[in-house]
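The values are calculated or read from the model by the stated rules, or taken from the named source; none is laboratory data. Here the structure is a predicted model, which means the values were calculated and not measured. All Cβ positions, even for glycine, are placed from backbone atoms using ideal geometry, and neighbour counts span all protein chains on display. Accessible surface is based on the protein model in full, side chains and every heavy atom, while ligands, DNA and RNA are left aside. Shrake-Rupley method; radii C 1.70, N 1.55, O 1.52, S 1.80 Å.
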Amino acid sequence: QVQLVESGGGLVQPGGSLRLSCAASGSIFRVYTMGWYRQAPGNQRELVATITRSGSTNYADSVKGRFTISRDNAKNTVYLQMNSLKPEDTAVYSCNAEVASNASPLRSWPYWGQGTQVTVSS
């Protein structure tokens, strides 16, 4: 019932910028904490950033000062502004959201998007 769809990935040169978006849709009662994760080939999935419904944020040390996470509660959408991109940022970026559905409004469940490729290369 609940679906997360990412957009905004692509190829960018080192030092460039990208803005990722992830929208949750379906039979949603409420979206709680949302976040971005990434996974490069041969690596484990790692947390990039999270944001609570009230706007509290948490970032991985590797992206602090370069990435900014934000959200629009009315649109059930989370964003990731990525600046000063490095080749090491190359990965599949996936969004995550804790969502309570209308069918079960007192229980939340983590949902994942399919991911969007970000490639940083000259």
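A simple spin-label model places the labels of Ser121 and Ser7 2.5 nm from each other, with each point 7 Å out along Cα-to-Cβ.
Figure note: Leu80, Leu18 ranked by solvent-accessible area, largest first, 1.4 Å probe, ligands and nucleic acids not counted: Leu18, Leu80.
Per the 1.4 Å probe, what fraction of the accessible area of the chain, in percent, lies on carbon and sulfur atoms? Within the chain, the accessible surface is 46 percent carbon and sulfur. Considering only Asp72, Asp61, Asp89, the mean-square fluctuation computed in a Gaussian network model of the chain, springs between alpha carbons under 10 angstrom, is largest for Asp61. Available extension along the chain between Asn73 and Trp112 is 12.3 nm, counting 0.36 nm per residue and deducting the alpha carbon span. Accessible surface computed residue by residue for the range 7-122, with neighbouring protein chains in place and a 1.4 Å probe, gives 53 Å² per residue. Think of the chain as having a plus end and a minus end, set by charges on the Cβ of Lys, Arg, Asp and Glu; of Pro41, Gly9, Gln81, Gln81 sits farthest toward the positive end of this dipole. Calculated on the alpha-carbon coordinates, the convex hull of the range 1-100 measures out at 96 cubic angstrom per residue.
Each Lys and Arg adds +1 at its Cβ and each Asp and Glu adds -1 at its Cβ; summed about the Cα centre, the chain shows a dipole of about 240 debye.
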